[in-house]
Amino acid sequence: MGSKGREIVGKDVEKIITLLNQAYASEWLAYYQYWLGAKLIKGPMKNAVAAELDLHATEELNHATLLANRIVQLGGTPVLSPDGWNALSPCKYDAPEDPYVAVLLDQNIAGERCAIATYKALMDATKDKDMVTYNMALTILEQEVEHEEDLQSLREDLDLMVERGRK
Ligand code: FE
Ligand code: FE
Ligand code: MG
C-alpha cells in the first residue's frame, strides 16, 4: 500500500476496495468459463469461436491482474480463496454443460453484459474521487464492450450459416 496514494481516494476507499473485489471475483469466473468452453465446444464454426473464447480468457485473466494490483495498492486484500469467487461475484458462473456453439456464445454474451454493467458502476462510484481506479475501469470496460460485440457478431454469423444451410 502507498499511504498518499490511498489518502487521495478519501473516505470511500473501503467501499471501492469491495467493488474492486467483486469485479475481481467475476473475472476469475469469466476466465474459467471461457477457458473451459474453448476446450469443450462443438458445432459449426467451432474453431473460429474457440480461438475467440481462448483470447477472451487471456484478457479476463489480465483484468484480474489489473484489479488485484489496484486492490493491493489501496491497502486491500484480493479475495483469498476460490470459494469467494462465487460468493462475491455480481456476475454468475454459467457452467458449459451444453457445449453447442450457440449455447456457449449466449452464455458468454450474458457474462459480458454483466461485466459491462459492473465496470459502468465502478466508474460511477469512482468518478471525481479515485482517478486511478476510474481510468483502469475505463480501460477494462473498453475491452468488455469489444468482447460483447465480438461474440454477438459470431452469433449472427452462426445464425446466417445455419439459416442458409437450410435452403
Ligand atoms: Fe473482464
Ligand atoms: Fe470480457
Ligand atoms: Mg475478442
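The values are calculated or read from the model by the stated rules, or taken from the named source; none is laboratory data. Keep in mind that what you see is a predicted model, and the values were worked out from it rather than measured. In this analysis, Cβ positions are derived from the backbone assuming ideal geometry, glycine residues included, and neighbour counts consider all displayed protein chains. Protein only, heavy atoms only, side chains kept; ligands, DNA and RNA dropped before computing areas. Shrake-Rupley method; radii C 1.70, N 1.55, O 1.52, S 1.80 Å.
Overview of results
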read-out: Computed helical MRE - 222 nm, the chain, DSSP H runs ≥ 4 contributing -39500 (n - 2.57), nearest 500; value: -27000 deg cm²/dmol
read-out: Loop GluC sites (Glu not before Pro), the range 30-99, which have at most 12 other Cβ atoms in a 10 Å radius of their Cβ (DSSP); value: 97
read-out: Nitroxide proxy distance, nm - points 7 Å out along Cα→Cβ at residue 36 and residue 160; value: 3.3
read-out: Potential extension, residue 80-residue 8 segment - 0.36 nm per residue separation minus Cα distance; value: 23.3 nm
read-out: Listed pairs 92/129; 92/127; 39/167; 15/92 exceeding 24 Å between Cα atoms; value: 92/129; 92/127; 39/167
read-out: Gain upon complete extension [residue 138, residue 120; 0.36 nm per residue less C-alpha separation]; value: 5.7 nm
read-out: Whole-percent carbon and sulfur share, accessible surface of the chain, 1.4 Å; value: 56
read-out: Centroid-to-centroid separation of the range 129-167 and the range 37-67 [C-alpha atoms, Å]; value: 12
read-out: Accessible solvent surface per residue of the range 1-160, calculated while the other protein chains remain in place, 1.4 angstrom probe, Å²; value: 50
read-out: Cut-off 16 Å (backbone N to label point 7 Å along Cα→Cβ of residue 51), residues of the range 149-167; value: 150-151, 153-155, 157-158
read-out: Residue among 23, 48, 121 with the largest mean-square fluctuation in a Gaussian network model of the chain, springs linking Cα atoms under 10 Å; value: 48
read-out: Most to least packed among 1-13, 145-157 [average Cβ atoms within 10 Å]; value: 145-157, 1-13
read-out: Ratio Rg/Rh, restricted to the chain and using Cα atoms, in which Rh is the Kirkwood radius; value: 1.05
